[in-house]
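First comes the structure, then the notes that go with it.
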Amino acid sequence: MSFVLTETPAGYALLKSSDKKIYKSSSLLKDLDSEEKVLKQFKIAAFSKFQSASNALEEATSISEGKVSEQLKDLLTEAKSDKKTHLVVSETKLANSINKLGLNYSVISDAATLDIYRAIRQYLPDLLPGMTDKDLSTMSLGLAHSIGRYKLKFSPDKVDIMIVQAISLLDELDKEINTYSMRMKEWFGWHFPELAKIVVDSTAYARIILKMGFRTNAQETDFSEILPEDIEQQVKSAAEISMGTEITADDLKNIGALAQQVVDFSTYREQLSNYLNARMKAIAPNLTALVGELVGARLIAHAGSMISLAKAPASTIQILGAEKALFRALKTKHDTPKYGLIYHASLVGQATGKNKGKIARVLAAKAAVALRYDALSEERDDSGDYGLSVRAKVESRLSALEGRDMRTTSKIPKDFKKVEINESKQYNTDADAPVQKKEDSDSESESESESESDSDDEDEEVKKVEKKTKKVEKEAKKVEKEAKKVEKEAKKVEKKRKREDEEEGAEVKKQKKEKKEKKEKHHHKKDKKEHEHKHKDKKEHKHKHKN
């Protein structure tokens with residue numbers, strides 16, 4: 001006996017097959033290619049109806065997760081028989097879960113079952129009595145919408161999307177503020193060119209334009225809320241002797257509108273930065289403590305989500321953001337890049353040129369562990385203590401490489417159990433026996449103590465001398481090794497020079513041979529020409545003599 005478990009928007013349907021070994025048939029497509037054949041092959045054995053839309057959503061999510069709900073378990077227990085029956089299931093995860101129940105079913109879920117389910121779903125309204133095609137389509141549409149809303153609501157990646165969007169907007173805002181402020185300084189620079197050198201900050205520059213207006217109003221304007229006293233005095237003195245041109249009120253109005261945009265963008269950027277900082281500390285506190293909120297957010301945004309970044313190995317995190325350089329290096333067979341986005345972390349920035357790659361590798365390894373703790377730990381501590389402890393280790397490694405103390409993170413105190421201290425028993429001085437005083441014994445004891453102290457001093461001096469000799473021997477061995485290395489290098493250099501000299505000598509010999517051959521050819525040609533010329537002269541002389 002064979003059953004086919006079918007999930008419909010209305011409920012679970014258990015279809016009985018007339019052919020016991022239909023799943024082994026080699027001609028399934030021909031056997032189930034029409035409505036009559038499907039209705040003849042399958043008949044409904046049991047049906048469990050969903051009570052409401054929320055119940056249908058719960059059952060659909062449990063099937064997608066590969067779990068057996070109580071409703072499905074009751075249906076299968078009621079339909080089971082004493083004989084072992086075959087049960088065809090579409091999902092492999094669900095098949096494994098049904099096998100674990102031990103309900104005397106031989107569960108089958110393979111490639112052949114897909115053809116069976118394709119035919120059943122095509123003619124499902126005819127298999128279920130009292131159901132029309134329109135009813136099933138409306139129920140399936142409603143169930144699909146509710147499943148979509150459920151997945152969107154309980155998506156684990158939805159929190160990461162906020163970070164991705166925030167860091168992307170922050171980068172775009174930085175570009176826009178930079179572009180707007182450059183245009184503002186260039187525009188207002190025609191009227192007051194000296195202001196750009198005195199006030200470097202773009203936001204302060206924009207606020208000065210909004211408060212002062214024309215440069216002639218500088219003496220009457222109070223800049224105490226924007227600038228310190230010394231810079232304020234410089235601005236006022238520069239306004240008196242400025243070389244800028246005059247502008248109209250309409251020009252100033254447009255410049256002021258641009259300055260207002262710069263101020264608004266700057267305030268919003270600060271607000272967005274605070275929001276991103278709070279989000280990162282809530283979602284990835286240990287990663288934030290290790291590399292900072294901006295670098296951590298850029299890593300998450302580049303990977304797509306925090307889960308996918310946590311699955312990545314440390315080597316990938318190290319060069320994340322330098323993909324173009326990596327593939328170019330692999331293509332041209334050059335050295336691969338040592339760091340990507342992680343280069344902007346403060347720990348990598350503190351290292352010198354040669355140590356940047358080493359610190360980037362160490363930091364990426366620690367960041368990978370911190371990420372997995374943040375993303376996958378069920379009982380996570382949101383204080384970020386683990387990230388701080390790991391940062392302290394990276395700082396100690398950086399200090400060892402740089403040869404100076406560069407530690408800024410204090411060690412995190414661990415909670416230890418209190419130790420109970422009990423009072424010890426006091427020494428009973430009354431139980432001591434009295435000592436008889438004798439002059440001889442005193443002198444002997446003094447001499448013995450002096451000899452013991454002298455011997456101890458001698459032993460300490462001997463130990464010191466031995467330590468010094470060991471140090472000298474180690475240094476001598478190091479010097480010998482260095483001398484041997486220098487001798488090897490000198491021999492290599494001499495061999496190279498000899499080879500080069502031999503090659504040069506061979507080239508010189510070749511050149512000399514070529515020159516000689518050329519000269520010999522040239523002389524041979526000359527001799528030949530002279531011989532021919534003499535022969536011609538003899539012939540002419542004979543001809544004249546005959547005449």
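The values are calculated or read from the model by the stated rules, or taken from the named source; none is laboratory data. Model, not experiment: these values are computed from the prediction. Don't worry about glycine lacking a Cβ; one is built from the backbone with ideal geometry, like all the others, and counts go over all protein chains shown. The accessibility values were calculated without ligands, DNA or RNA, using every heavy atom of the protein model including side chains. Shrake-Rupley method; radii C 1.70, N 1.55, O 1.52, S 1.80 Å.
Listed here are the residues, each with its yes/no results for (1) open to solvent by less than 100 Å² (accessible area, probe 1.4 Å); (2) assigned to a helix (DSSP H, G or I); (3) at pLDDT 80 or above; (4) among the aromatic types (Phe, Trp, Tyr).
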site	(1), (2), (3), (4)
Arg497	no, yes, yes, no
Glu514	no, yes, yes, no
His531	no, yes, no, no
Asp537	yes, yes, no, no
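Could you look through segment 363-385, keep only residues that are more than 15 Å from Met280 (Cα to Cα) and without any contact (Cβ under 8 Å) to a residue 12 or more places away in the chain, and pick out the one that is least open to solvent (accessible area, probe 1.4 Å)? Filtering segment 363-385 for residues that are more than 15 Å from Met280 (Cα to Cα) and without any contact (Cβ under 8 Å) to a residue 12 or more places away in the chain, the one least open to solvent (accessible area, probe 1.4 Å) comes out as Ser377. Taken over segment 381-402, the criterion of being outside any helix (DSSP H, G or I) and either at pLDDT 85 or above or of a type in the set (Phe, Trp, Tyr) (or both) is satisfied by no residue.
For segment 139-149, state whether one or more residues are under 30 Å from Ala278 (Cα atoms) and assigned to a loop (DSSP other than H, G, I, E, B). No, segment 139-149 has no match at all.
Selection of helices (runs of 4 or more DSSP H) fully inside segment 244-359 by the criterion of at least 1 residues being surrounded by fewer than 21 Cβ atoms within 10 Å (Cβ to Cβ) and within 13 Å of the chain's Cα centre (by Cα) returns 293-303, 306-311, 314-318, 323-332. All conditions in (1) open to solvent by 40 Å² or more (accessible area, probe 1.4 Å); (2) in contact with a Phe, Trp or Tyr (Cβ under 9 Å, 6 or more places away or on another chain) hold for Glu7, with the sole exception of (2). Set side by side, the residues Glu480, Glu461, Glu475 differ, and just one is in a helix (DSSP H, G or I), at pLDDT below 75, open to solvent by 100 Å² or more (accessible area, probe 1.4 Å) and charged (D, E, K, R), which is Glu461.
So that you can scan it fast, the table gives a plain yes or no per residue for (1) at pLDDT 90 or above; (2) closer than 26 Å to Thr92 by Cβ; (3) touching a strand residue (DSSP E or B) at 6+ places or on another chain (Cβ under 9 Å); (4) acidic (Asp, Glu):
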residue	(1), (2), (3), (4)
Asp133	no, no, no, yes
Ser137	no, no, no, no
Ser140	no, yes, no, no
Ser146	no, yes, no, no
Ile161	no, no, no, no
Glu172	yes, no, no, yes
Met182	yes, no, no, no
Trp187	yes, no, no, no
Trp190	yes, no, no, no
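Residue count for segment 116-140 satisfying the condition of being closer than 21 Å to Asp31 by Cβ and basic (Lys, Arg): 2. Got a number for residues in segment 386-408 being without any contact (Cβ under 8 Å) to a residue 12 or more places away in the chain, of a type in the set (Lys, Arg) and open to solvent by less than 40 Å² (accessible area, probe 1.4 Å)? Going through segment 386-408 one residue at a time, the tally reaches 0.
In segment 247-266, the residues that are over 30 Å from Leu169 (Cβ atoms) reach residues that are open to solvent by less than 30 Å² (accessible area, probe 1.4 Å) and not small (Gly, Ala, Ser) with C-beta atoms within less than 7 angstrom, at least six apart or across chains, in these pairs: Ile247/His191. Take Ile241 and decide whether it is free of Cβ contacts under 8 Å to residues at least 60 places away in the same chain and surrounded by 14 or more Cβ atoms within 10 Å (Cβ to Cβ). No; evaluated as a whole, the condition is false for this residue.
From the list Tyr105, Tyr123, the one residue that fits, being open to solvent by 30 Å² or more (accessible area, probe 1.4 Å), modelled with pLDDT under 90, among the hydroxyl-bearing types (Ser, Thr, Tyr) and on the phi < 0 side of the Ramachandran plot, is Tyr123. All conditions in (1) surrounded by 12 or more Cβ atoms within 10 Å (Cβ to Cβ); (2) at pLDDT below 75; (3) hydrophobic (A, V, I, L, M, F, W, C) hold for Leu29, with the sole exception of (1).
Among all residues of segment 227-237, there is none that is surrounded by 16 or more Cβ atoms within 10 Å (Cβ to Cβ), free of Cβ contacts under 8 Å to residues at least 40 places away in the same chain and under 30 Å from Ala370 (Cα atoms).
Kindly indicate whether any position in segment 49-56 is farther than 24 Å from Asp126 by Cα, open to solvent by less than 40 Å² (accessible area, probe 1.4 Å), modelled with pLDDT of 80 or more and out of contact with any strand residue (DSSP E or B) (no Cβ under 7 Å at 6 or more places or on another chain).
For segment 49-56, residues farther than 24 Å from Asp126 by Cα, open to solvent by less than 40 Å² (accessible area, probe 1.4 Å), modelled with pLDDT of 80 or more and out of contact with any strand residue (DSSP E or B) (no Cβ under 7 Å at 6 or more places or on another chain): present.
Please list, ordered by first then second residue, the pairs with beta carbon atoms under 6 Å, 6 or more apart or interchain, first in segment 64-81 and under 12 Å from Glu7 (Cβ atoms) and exposed (fewer than 12 other Cβ atoms within 10 Å of the Cβ), second of a type in the set (Asp, Glu) and modelled with pLDDT under 80. Here the result reads none, with nothing in segment 64-81 linked to a residue that is of a type in the set (Asp, Glu) and modelled with pLDDT under 80. Would you confirm whether any residue within segment 82-101 is of a type in the set (Gly, Ala, Ser) and exposed (fewer than 14 other Cβ atoms within 10 Å of the Cβ)? Within segment 82-101, none of the residues are of a type in the set (Gly, Ala, Ser) and exposed (fewer than 14 other Cβ atoms within 10 Å of the Cβ).
Here Ile147 meets each of (1) within 37 Å of the chain's Cα centre (by Cα); (2) more than 25 Å from Glu58 (Cα to Cα) with one exception, condition (2).
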